[in-house]
Amino acid sequence: MQQPYEKYYVPAQSPWPIVGAVALFLIAVGAGNVVIDTTKETSGYGSILLGAGLVALLVMLVGWFKNQIDESMSGLYSAQLGRSYRQGMRWFIFSEVMFFAAFFGALFYARMISIPWLGGDSNNAMTNAVLWPQFEAMWPLLSTPNGTTTQQMEAMGLPAINTLILLVSSVTLHFAHTGLEQNKRKQLTWMLGLTIVLGCIFLVLQVEEYIHAYRDLGLTLQSGIYGNTFFLLTGFHGMHVTLGTIILMVLLGRVLKGHFTPDTHFAFQAGSWYWHFVDVVWVMLFVFVYIL
């Protein structure tokens, strides 16, 4: 007997993808110009573009989340669409894996190839004497050709505390997920709320770490390859923690409104996947950026 086709909800045309694309474009251009402006005495339009991009991104997230939630709560989705959502989330996380793999690859190239090459490794014996006579092949590289020096950010202290915070947040989010699957709403609410608090503490401590880097260590974006890779990796990870915290806040709001059941809660599961991914990336970052 032929099985009946499952319904597959196809939403109407939405403005949110193009709004999100414009927002990301403005953020990229604005952030780039903000970095350039820090090297000049006069400020440009970078901060304006960056602010406009962040506002557009916020509008997009609120509008798109609202549409998705309304569709889900109206019973428009099917099991087939649920499988599509899971596949899409897996591909999204895979793209994020490759995103960070490129940055870790840049760190590896700088440490294992470029610096030994500048130090005269292999058949480049004259490179050191000609390009940078005072160069010492070491990592982290604490000086630049123009004489700018910095200090290394130690692993112990704020980075170690933040590592512990994110590891604990994965545990609390797991207990929140367990509470949802067992229909223990109180456990779900409190553990999810605690996870959000831990995420916010992480971000506050990362800001403190950056202030310490700039004010006390002289570790800035102008500190050569070490400063560049440090802020590239930790900064983009902080951006992902921010996005993950926003997602968890949206999930908490839905939980408080009575959304999700033990059998139907992929939105919560997707947010959980993303948070655990962010935690794993930080552990790798802590090892390769702060320790090794």
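Can you go through GLN13, GLN87 and tell me which one is out of contact with any Phe, Trp or Tyr (no Cβ under 6 Å at 6 or more places or on another chain) and in the same structural domain as VAL281 (by TED's automatic domain parsing)?
Of the residues listed, the single one that is out of contact with any Phe, Trp or Tyr (no Cβ under 6 Å at 6 or more places or on another chain) and in the same structural domain as VAL281 (by TED's automatic domain parsing) is GLN87.
Hey, can you tell me all the residues within the stretch 264-281 that are within 24 Å of PRO140 (Cα to Cα) and open to solvent by 60 Å² or more (accessible area, probe 1.4 Å)?
Selection gives VAL280 alone.
Within the stretch 195-210, count every residue that is over 16 Å from the mean Cα position of the chain (by Cα) and open to solvent by 70 Å² or more (accessible area, probe 1.4 Å).
Total satisfying the criteria: 2.
Considering every residue within the stretch 150-160, establish whether at least one is within 23 Å of VAL281 (Cβ to Cβ), open to solvent by less than 20 Å² (accessible area, probe 1.4 Å), part of a helix (DSSP H, G or I) and among the aliphatic types (A, V, I, L, M).
no
Which of (1) touching a residue at least 24 places away in the same chain (Cβ under 8 Å); (2) assigned to a helix (DSSP H, G or I) does LEU76 not meet, given it meets every other one?
Result: LEU76 passes all but (2).
Of the numbered conditions (1) closer than 24 Å to MET112 by Cβ; (2) among the polar types (S, T, N, Q); (3) modelled with pLDDT of 90 or more; (4) open to solvent by 30 Å² or more (accessible area, probe 1.4 Å), THR234 satisfies every one except a single condition; which is it?
Among (1) closer than 24 Å to MET112 by Cβ; (2) among the polar types (S, T, N, Q); (3) modelled with pLDDT of 90 or more; (4) open to solvent by 30 Å² or more (accessible area, probe 1.4 Å), THR234 violates only (4).
Can you name the number of the only condition in (1) closer than 23 Å to MET138 by Cα; (2) open to solvent by 10 Å² or more (accessible area, probe 1.4 Å) that MET249 fails?
So MET249 meets the others, but not (1).
Scanning for something open to solvent by 20 Å² or more (accessible area, probe 1.4 Å) and under 23 Å from ALA137 (Cβ atoms), does the stretch 252-263 turn up at least one residue?
no
Given (1) in contact with a Ser or Thr (Cβ under 8 Å, 6 or more places away or on another chain); (2) touching a residue at least 24 places away in the same chain (Cβ under 8 Å); (3) aromatic (Phe, Trp, Tyr); (4) open to solvent by 40 Å² or more (accessible area, probe 1.4 Å), identify the lone condition not met by TYR226.
Evaluating TYR226 over (1) in contact with a Ser or Thr (Cβ under 8 Å, 6 or more places away or on another chain); (2) touching a residue at least 24 places away in the same chain (Cβ under 8 Å); (3) aromatic (Phe, Trp, Tyr); (4) open to solvent by 40 Å² or more (accessible area, probe 1.4 Å) leaves (4) as the failure.
The values are calculated or read from the model by the stated rules, or taken from the named source; none is laboratory data. These figures come from a predicted structure and were not determined experimentally. Cβ sites come from the backbone with ideal geometry, for glycine too, and all protein chains shown count toward neighbours. Heavy atoms of the whole protein, side chains included, go into the accessibility calculation; ligands, DNA and RNA do not. Shrake-Rupley method; radii C 1.70, N 1.55, O 1.52, S 1.80 Å.
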